[in-house]
Amino acid sequence: MRALIYKSFETGYNLTLNVLLMKIPIRYITIVVGILLLTFLIITINLAFILPKADPPPDIVIELTEERIEYGRYLANHVMLCMDCHAVRDFSLFGGPPIPESIGAGGERFGREMGLPGEFVTPNMTTAALGDWTDGEIFRAIVSGVSKEGKALFPLMPYPHYSQLDGSVFI
Ligand code: HEC
């Protein structure tokens, strides 16, 4: 047993020595490094340019009936609390209510002092900003955190929570 252990140490030692002394032909090393580099390149190109970054937005159109608009208002102000973030809050008042003129226009700042990795200002989500978004793109942003251009939204926008809901509550 002991002899076996010595033997395996010896083999390992010899192997290391061979590499250190460059006894392994340089072309083998080049081939291995080349294969590793190529694999790295293929994966990077795939991730950066070839693989789709997000699913396409669903093809939905939400009818703008008075009832649906009222339902959306109820969700945005009282259930999903979109307007608590997408508005500037007046913290000089109890509970920091959103300033009425800013509701939907965004502008609230969330900074590093809250433990975030940077500074975030909630974007405008009135029709002035989202007017050219399709209903499907807005839906995708709410439940998947993907912007119109296909970029990821920072999860301060609570899509990880909204995605837990049955999507039909939004449409
Ligand atoms: C906790 C705060 C918060 C709440 C609640 C919230 N959002 Fe957001 N939302 C954000 C932030 C912050 C961003 C910007 C994220 C980024 O820039 O990566 C954002 C981004 C968005 C965007 C993308 C806008 C753009 O121009 O790219 C849309 C659309 C949006 N929110 C809609 C909603 C809707 C609808 C609701 C409610 C169902 C909601 N948000 C609730 C904080 C919030």
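Please verify whether region 62-72 includes one or more residues that are in contact (Cβ under 8 Å) with a residue 12 or more places away in the chain and not polar (S, T, N, Q). Yes, region 62-72 contains a residue that is in contact (Cβ under 8 Å) with a residue 12 or more places away in the chain and not polar (S, T, N, Q). Within region 153-169, being in contact with a helix residue (DSSP H, G or I) (Cβ under 9 Å, 6 or more places away or on another chain) and within 7 Å of the ligand (Cβ to nearest atom) holds for Leu153, Leu156, Met157, Pro158, Tyr162. Every test in (1) of a type outside the set (A, V, I, L, M, F, W, C); (2) out of contact with any Ser or Thr (no Cβ under 7 Å at 6 or more places or on another chain); (3) surrounded by 15 or more Cβ atoms within 10 Å (Cβ to Cβ); (4) within 22 Å of His161 (Cα to Cα) is passed by Ser102 save one, and that test is (4).
Could you tell me how many of the residues in region 58-80 are in a helix (DSSP H, G or I) and closer than 17 Å to Gly104 by Cα? Working first, answer last.
Kept after step one, since they are in a helix (DSSP H, G or I), are these residues of region 58-80: 66-79.
Within this subset, residues satisfying the condition of being closer than 17 Å to Gly104 by Cα are 69-79.
Total satisfying the criteria: 11.
Criterion applied to Ala76, Ala87 was being closer than 21 Å to Asp135 by Cβ, at pLDDT 95 or above, within 15 Å of the ligand (Cβ to nearest atom) and surrounded by 17 or more Cβ atoms within 10 Å (Cβ to Cβ), and the one residue passing it is Ala76.
From the set of residues in region 145-171 that are assigned to a helix (DSSP H, G or I) and within 19 Å of Gly72 (Cβ to Cβ), which is nearest to the chain's Cα centre (by Cα)? Filtering first and then ranking leaves Tyr159. On the stretch given as region 120-136, residues that are more than 10 Å from the ligand (Cβ to nearest atom) and assigned to a loop (DSSP other than H, G, I, E, B) total 4.
The values are calculated or read from the model by the stated rules, or taken from the named source; none is laboratory data. Quick caveat, the model's predicted, so the values are computed rather than measured. Methodologically, a virtual Cβ is constructed for each residue, glycine included, from the backbone with ideal geometry; neighbour enumeration extends over all protein chains shown.
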